[in-house]
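Structure first, commentary second.
Derivation of every value follows stated rules applied to the coordinates shown; laboratory data play no part. Note that the coordinates shown come from a computational prediction; the quantities given were computed from them, not determined experimentally. In this analysis, Cβ positions are derived from the backbone assuming ideal geometry, glycine residues included, and neighbour counts consider all displayed protein chains.
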């Protein structure tokens, strides 16, 4: 069955959100979920980004990913994985003629000023690789 929607979590935060979606909607009917037109995946969870260069990680992982007609990326701003990987995956999905929607979260205030500053830097990065950005409560 052709997959129409891919929901892809980037990094630890995005992976946790995608896992939560799976737990809420798929746990009761695993076989039904398997036969649906929705594909769930998590990329870059708990990677040690110093282990290899980012380009090697991207080249090694993206070769085996095919995106659906619509791809929703979920990422959390302020960490290291999202700015390193997400622009590459957005471009790859576009090359596969997938319509792309990116949903991201900002850190909580208790996570510190440094993480929040990094999140705003990541937000600027997203503005460079996305056609439109809609903000809510920023």
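Quick notes
- Working note: Cα atoms of region 64-128, range along each principal axis, descending, whole Å: 38, 21, 16.
- Label-point gap, in nm, between residue 3 and residue 120 - each point 7 angstrom along Cα→Cβ: 3.7
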